[in-house]
Each structure stands twice: as structure tokens, then as C-alpha cells.
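Reviewing the structure listed below.
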Amino acid sequence: MVVELMSYTNTASGRLDAVFAALADPTRRAILARLASGDASVMELAKPFAMSQPAISKHLRVLERAGLISRGREAQRRPRRLEAHPLGVATEWLERYRQFWEGRFQHLDALLAGMKTKQKRRSQVIR
């Protein structure tokens with residue numbers, strides 16, 4: 001019997017989990033910000049960080065597993081590039097909750113405006 005470990009990126013929910021896990025680290029977010037301006041080699045990506053090459057490589061593997069970056073090939077160079085699709089999926093997921101909270105805040109604004117109006121009427125009646 002062969003037991004195969006399933007990566008959590010095999011499902012839509014798992015892919016979203018992988019994206020948010022990758023985005024949870026400030027170093028990985030900085031790497032993505034750098035790649036937003038264009039492809040870069042591992043050495044170029046490592047330059048602003050005070051960490052070893054293996055540490056940067058671990059961050060890059062997490063980003064690759066989440067689908068946030070890909071590895072290209074230009075002669076001897078292996079530049080990394082930003083992959084926007086997983087960020088779009090995360091944005092769509094977040095947008096649903098933004099719309100929910102926007103609606104709740106609008107409801108609260110209306111409730112507070114109604115309370116202010118009632119308070120104003122009461123104060124005018126008392127005078």
C-alpha cells in the first residue's frame with residue numbers, strides 16, 4: 001500500500017490557504033513587492049535582506065508553492081517573476097467580506113443618523 005501525502009494546494013480552499021500563509025510573512029511580501037517591478041534573480045531578491053541564501057530560497061519555495069511566483073530560464077539565469085492570478089483569487093475572496101462589512105457600516109450609519117435625529121427632536125421639544 002502506498003500512502004501519498006496530499007498538498008493543501010490541491011483544492012481551491014487549500015490554494016487560498018497557501019496564498020494567505022505565504023503573504024503572512026513580511027519578507028515574502030517584500031519579495032513580491034520587488035517582483036511587481038519586474039523579474040529578478042535570487043541574488044537580486046536576496047540583496048536587501050540580512051539573511052542567508054538558503055533562507056531566501058526557503059521563502060521563494062513558499063511563494064512558488066502558493067503559485068505567487070514562477071521560475072523562468074534565461075541562459076544561466078533563473079529569474080523569478082510575479083504571478084498575479086493567486087493574488088486575484090485572494091482579492092476576490094476578501095472583496096466578499098469587504099462588501100459585507102461595507103453594508104454593515106452603512107446600516108450602522110443609518111441607525112446613528114436616526115438616533116441623532118430623534119435626539120435633536122427631543123431637545124427641540126424640551127426648549
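The values are calculated or read from the model by the stated rules, or taken from the named source; none is laboratory data. This is a predicted model, so every value here is computed, not measured. Note: ideal-geometry Cβ built from the backbone for every residue, glycine included; neighbour counts use all protein chains shown. Side chains included, ligands, DNA and RNA excluded: accessible areas come from the protein's heavy atoms. Shrake-Rupley method; radii C 1.70, N 1.55, O 1.52, S 1.80 Å.
Quick grid of which residues meet (1) in a strand (DSSP E or B); (2) closer than 16 Å to Arg15 by Cβ; (3) at pLDDT below 90; (4) not hydroxyl-bearing (Ser, Thr, Tyr):
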site	(1), (2), (3), (4)
Glu44	no, no, no, yes
Ala50	no, no, no, yes
Pro54	no, no, no, yes
Leu60	no, no, no, yes
Gly67	no, yes, no, yes
Thr91	no, yes, no, no
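Quick check: is even one residue across the range 97-108 in a helix (DSSP H, G or I), touching a residue at least 12 places away in the same chain (Cβ under 8 Å) and open to solvent by less than 80 Å² (accessible area, probe 1.4 Å)? Among the residues of the range 97-108, not one is in a helix (DSSP H, G or I), touching a residue at least 12 places away in the same chain (Cβ under 8 Å) and open to solvent by less than 80 Å² (accessible area, probe 1.4 Å), which makes the answer no. Just so you know, in the range 52-96 the residues that are open to solvent by 70 Å² or more (accessible area, probe 1.4 Å) and touching a residue at least 24 places away in the same chain (Cβ under 8 Å) include one that is nearest to Leu32 (Cα to Cα), and it is Arg81. One residue stands out among those in the range 13-25 that are free of Cβ contacts under 8 Å to residues at least 60 places away in the same chain and more than 11 Å from the chain's Cα centre (by Cα): the one that is surrounded by the fewest Cβ atoms within 10 Å (Cβ to Cβ), which is Ser13.
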